[in-house]
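Report on the structure given below.
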Amino acid sequence: MFDKIKNIFKSDKEENNVTPKNAPKEVTVPAHKIGPKSQDDTTTYVIIGASIAGVTAVKTLRELDKSAKIIVISKDENIYSRCMLHHLISGHRTIEGINFVDGDFMEKQNATWIKKATVKEIDPDNKKIKYEKDGNEEELAYDKLLITSGANAFVPPVKNLREAKNVYPLRNIEDAIGIKEQAKYAKNIVIMGAGLVGMDALAGLVEIDGIGNLSLIASEDRILDKQLDVKAAKAYEDKFEQKGVKIYKNRMASEVLIDEDGKVKGINLGNDEIIDCDLLVVSTGVRSNIGLVEGSGIETEKGIKINEKGETNKPDIYAAGDVTGTGIWPLATKQAEVAATNMACGEAVIEDRFEFKNTMNFLGIPTVSVGFITPPDDTYDVLTYTDGDNYKMAVIKDDVLIGFIAQGDISYVGPYTQLVKEKIKVDNLAERVFELGYSDFFKIKEDGQFEW
Ligand SMILES: Cc1cc2nc3c(=O)[nH]c(=O)nc-3n(C[C@H](O)[C@H](O)[C@H](O)COP(=O)(O)OP(=O)(O)OC[C@H]3O[C@@H](n4cnc5c(N)ncnc54)[C@H](O)[C@@H]3O)c2cc1C
């Protein structure tokens, strides 16, 4: 009945930090597997993508294989955190301010970086990739290949949406720069989609002095419906409304209205309810960038299929990060570390694919949301606790905590995260779920480990 939890003392700060420095290290490389290589034994590793998964792989490979040739190839020419793009929009950070490695990172790692290049094709039989740079087609040979091409914004098939001008997703640095620039002139800005990316865009825009009218379209009865219940969402909705944002809930755009130049001028919410709009931010989900593996025989479903070692179905080809159909920074980090370790003949497996933890802080209200917070039927217990601006909510099924929200006071979420992640059964949980303490659960074993 008791499950052993090794990481229980990980602090909340550590849990929530998404910098590569703090990425979980669960990989082991047997010393006998990583001997120094002789000159003619040099391995060429090619990594597609220069974001968190690509960068983590460079670091891991270089640690494990000092003599290897490492080549990174990416469309990007900056290495930046997408999680901080809203700070670029608000003007709180510069482009350099959202970089998460030093400008000379690649040089220091002795890696070659081919920037502003687009990989078009992968040829597993001949161990080559084809890419385009400056209008020229080039080829690159590899011994081992890692694909970390990430994901891109999905633009839904709403009438005129894909053609209209002044419409931006928020995925890349260019999007954030475009939004910021256009926001200077826009009178009516609409954000379509109230998930984490849409809320990031709104949070960035709302901070700009003299910003135009801001409207948010949420398809559900609340913002952030995957992370928050109605009450937790309302805390944010009220704050944004106080800042002048108009929120349209339970609405979907049926058509984008455009002027004679093709520029967006309004959004039809159906039933001819029109919102004026001259700048539209679309945040309606993402899709993995798998176009480059078409025709290669590399298996895909939502993203590139990998096993627990990060291997694809093709020999010496690995994948990590959002391109595998996942969508959060810590998991991209861990997958890249594991894949790179295996590429360098180490041994590592992805043990933890837990994706359902989100930490957010909009307009000064911190919230952590873990697990599934929308129970599908009434066989689940939903318990809440409110103390001023602090709010907690728990979803319990058969003495197992399956979802948890903490808003305001987010201290002590670490143990709750472990309970959800490890599906730990705790007797009579519903009676004391908001009063749990460390001492409720574990005892110290003789070897000093804690046990639930
Ligand atoms: C606005 C926003 C906010 C976010 N906030 C959070 C958050 O708070 N917490 C969290 O955990 N996650 C967050 N995420 C998600 C997080 O940013 C991603 O999980 C993470 O960036 C994935 O990293 P990656 O390396 O797999 O891919 P990406 O970051 O998508 O990078 C892909 C790389 O591949 C390159 N590339 C793509 N196609 C090609 C090609 N054909 N040829 C060459 N190069 C190519 C790109 O140039 C890029 O360098 C957020 C994302 C966005 C957009």
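Put simply, the amide H of Lys159, placed in the peptide plane, has neighbours under 5 Å in Val256, leaving out anything fewer than 5 places away on its chain.
Full extension from Glu273 to Thr44: what is 0.36 nm times the residue separation minus their Cα-Cα distance, to one decimal in nm? If you can, show how the numbers build up before the last one.
Details: separation 229, 0.36 × 229 = 82.44 nm, distance 5.78 nm.
Length gained, Glu273 through Thr44: 76.7 nm.
Protection proxy ranking for 293-304, 391-402, using the average of other Cβ atoms within 10 Å per residue and placing the highest first: 391-402, 293-304. On the beta carbon distance between Lys425 and Asp221, with R0 = 25 Å, the FRET formula returns roughly 0.20.
Taking the charge dipole of the chain about its Cα centre, with +1 at Lys and Arg Cβ atoms and -1 at Asp and Glu Cβ atoms, the residue from Tyr391, Met252, Asn160 reaching farthest to the positive side is Asn160. Which entries of Lys159/Lys246; Lys159/Lys302; Lys263/Lys334 have Cα-Cα distances beyond 30 Å here? With Cα atoms farther than 30 Å apart: Lys263/Lys334. The string of couplings for region 255-263 from the Karplus curve (6.51, -1.76, 1.60, θ = phi - 60°) is 6, 9, 8, 10, 8, 5, 8, x, 7 Hz, one whole number per residue in order, with x for Gly and Pro.
Placing unit charges on the Cβ atoms of the charged side chains and taking the dipole of the chain about its Cα centre, the candidate lying farthest along the positive direction among Val293, Ala235, Gly193 is Val293.
Per-residue extension of 0.36 nm, minus the Cα-Cα distance of Gln242 and Asn152, leaves a gain of 29.2 nm for this segment. Quick one: grab the alpha carbon gyration tensor of region 88-172, order the square roots of its eigenvalues as a ≥ b ≥ c, and give me rounded if a/c is under 1.5, else prolate or oblate depending on whether a/b is larger than b/c. Cα axes put region 88-172 in the oblate bin. Computed 3J(HN,Hα) for region 315-322, one whole-Hz value per residue from the Karplus formula 6.51 cos²θ - 1.76 cosθ + 1.60 where θ = phi - 60°, is x, 6, 10, 10, 8, 7, x, 4, glycine and proline marked x. Take the Cβ atoms of Asp399 and Glu355, set R0 to 25 Å, and the FRET efficiency comes out at 0.55. Starting from the Cα of Lys66, step 7 Å along the direction of its Cβ; do the same at Lys187; then give the gap between the two resulting points in nm. Rounded to a tenth, the inter-label distance reads 6.6 nm.
The dipole here belongs to the chain: it is taken about the Cα centre, uses +1 on the Cβ of Lys and Arg and -1 on the Cβ of Asp and Glu, and is about 580 debye. Summing Cβ point charges (Lys, Arg +1; Asp, Glu -1) relative to the Cα centre of region 167-284 gives a dipole of roughly 340 debye. Decide, for the chain, between rounded, prolate and oblate: order the square roots of the alpha carbon gyration tensor eigenvalues as a ≥ b ≥ c, take rounded if a/c falls under 1.5, and otherwise choose prolate if a/b is larger than b/c, else oblate. Oblate is the answer for the chain, as a/c is 1.5 or above yet b/c matches or exceeds a/b.
Exposure proxy check: Leu161, Leu436 ranked by fewest other beta carbons within 10 Å?
Details: Leu161 20, Leu436 17.
Taking fewest neighbouring Cβ atoms as first place, the list is Leu436, Leu161.
For the chain, give the share of DSSP beta bridges that are antiparallel, in percent and rounded to the nearest 5; count only bridges with both residues there. Walk me through the numbers before you get to the answer.
Values: 55 of 87 bridges.
Of the beta bridges lying entirely in the chain, close to 65 percent run antiparallel.
Given R0 = 35 Å, the distance between the Cβ atoms of Thr384 and Lys309 translates into a calculated FRET efficiency of 0.25. Between the C-alpha center of region 259-292 and that of region 146-217 there is a gap of 9 Å. A dipole drawn for the chain from +1 and -1 charges on Cβ atoms has a positive end, and of Thr118, Val400, Val264 the residue lying farthest that way is Thr118.
Checking the a/c ratio against 1.5 first, then a/b against b/c, what shape does the Cα gyration tensor give for region 167-284?
Numbers: a/c = 1.64, a/b = 1.24, b/c = 1.32.
Oblate.
Annotation: the antiparallel percentage among DSSP beta bridges lying fully within region 193-324 is about 75.
Values in this text are rule-based calculations from the coordinates and carry no lab data. No experiment lies behind these values; they were computed from the predicted model shown. Virtual Cβ from ideal backbone geometry, glycine too; neighbours counted across all protein chains shown.
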